[in-house]
Amino acid sequence: MGNGFFVIDKPQGLTSHDVVQAVRSHLSIRRVGHLGTLDPMATGVLPLAVGKATRLIQFLIGALKVYRGTIRLGFSTDTFDREGRATSAPSVPDFSPLQLQEVGQQMLGEQLQIPPAYSAKKVGGIRSYRLARQGIEVPLAARRVNIEQLQFIQRQANEVDFDIHCSAGTYVRSVAHELGKRMSCGAHLSSLRRIASGDFHLDRAISLDSFLASNCTELTNHFISANAALRELPELEVDPEIQNRLKHGHNFNVRTRHSQTKPGTLFRMMSPLGELLGVAEVLSPPSAEEISDNMQLHFHPKVVF
């Protein structure tokens with residue numbers, strides 16, 4: 001099958017790990033990993049890395065996420081979604097569409113978000129949801145997230161549809177819970193579908209059932225090469241001498257037209273035949289003498305195929 005990616009349209013009721021296990025079994029390959037967990041209740045885009053491409057997850061997992069879903073207003077739950085137990089008395093929401101949009105605007109931008117108690121966050125090496133099920137309350141550290149876009153559309157008196165563009169690590173369940181607090185009526189997430197994870201979109205996805213019913217030849221139509229998945233990274237063609245240093249994990253210098261390149265910038269290392277050889281990062285800033293149309297940069301291999 002090669003080293004690359006598939007986008008699975010995750011069905012409701014399965015964990016992300018369940019999907020990984022099913023794909024491992026179907027492809028008879030151990031090295032399969034996902035790019036960001038979806039709750040069992042959620043559906044949609046679950047990108048999977050196959051083979052050596054699992055080593056590229058570190059470069060892709062932090063990408064922007066896009067979700068669409070529905071929030072139920074009127075009471076909150078302990079899990080912040082429809083699968084939890086009610087934690088507030090039922091109330092009748094009373095607000096105008098304008099108030100709803102104003103609250104949505106207030107929830108935009110960088111902010112500190114506390115993960116739900118029922119989450120996969122580890123506390124002392126134990127998953128938070130395991131402690132929560134035992135009735136053990138543990139403080140979870142807030143983490144910085146960014147909500148770039150958030151639009152609410154009231155569907156019924158107690159239901160709101162939404163679209164959200166947010167940073168990796170954002171808990172949409174917590175967004176739903178926060179909306180309930182701001183509207184003073186309680187709320188919880190009732191449905192969630194991931195539309196995109198970085199450059200992995202729903203229009204490239206295949207259902208898990210279809211995936212498991214397809215042979216390797218049929219699956220090539222859904223396969224995304226490692227090089228294509230990293231297309232946002234600038235590419236650099238290297239000669240055989242540099243390829244040898246890259247293969248052995250040695251630092252190397254390359255003359256490139258990429259001026260104003262900062263330390264830490266990642267590049268795709270390509271052979272003259274267009275083969276992805278690995279990913280390397282710029283180690284040091286260019287000196288005054290190197291700032292030209294053919295600047296030489298110092299690289300360190302991060303991943304080598």
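Can you show me the helix-derived [θ] at 222 nm for the chain, built from DSSP H runs with n ≥ 4 at -39,500 (n - 2.57) apiece and divided by the number of residues, rounded to the nearest 500.
Numbers: 9 runs with 64 residues, N = 305.
Result for the chain: -5500 deg cm²/dmol, rounded to the nearest 500.
Taking P(r) over Cα pairs in 10 Å bins from 0, in percent as the quantity of interest, determine which of (i) 7, 29, 35, 19, 8, 2, 0; (ii) 6, 28, 36, 22, 6, 2, 1, 0; (iii) 6, 23, 26, 23, 15, 6, 1, 0 was computed from the displayed structure.
(iii)
Which residue, chosen from I224, I164, A53, occupies the Cα position most advanced towards the positive end of the dipole of the chain, where the dipole is computed from +1 (Lys, Arg) and -1 (Asp, Glu) charges on Cβ about the Cα centre?
The one lying farthest along the dipole's positive direction is A53.
Count charges around L189 for me, please; just the other residues with Cβ under 10 Å from its Cβ, Lys/Arg as +1, Asp/Glu as -1.
Computed value for this residue: 0.
Any chance you could give the angle, 0 to 90 degrees and rounded to 10, that helix 172-182 forms with the longest Cα principal axis of the chain?
Tilt of helix 172-182: around 40 degrees.
We did not get these values from a lab; they are worked out from the coordinates using the rules stated. Every value quoted in this text rests on a predicted model; they were computed, and no experiment measured them. Virtual Cβ from ideal backbone geometry, glycine too; neighbours counted across all protein chains shown.
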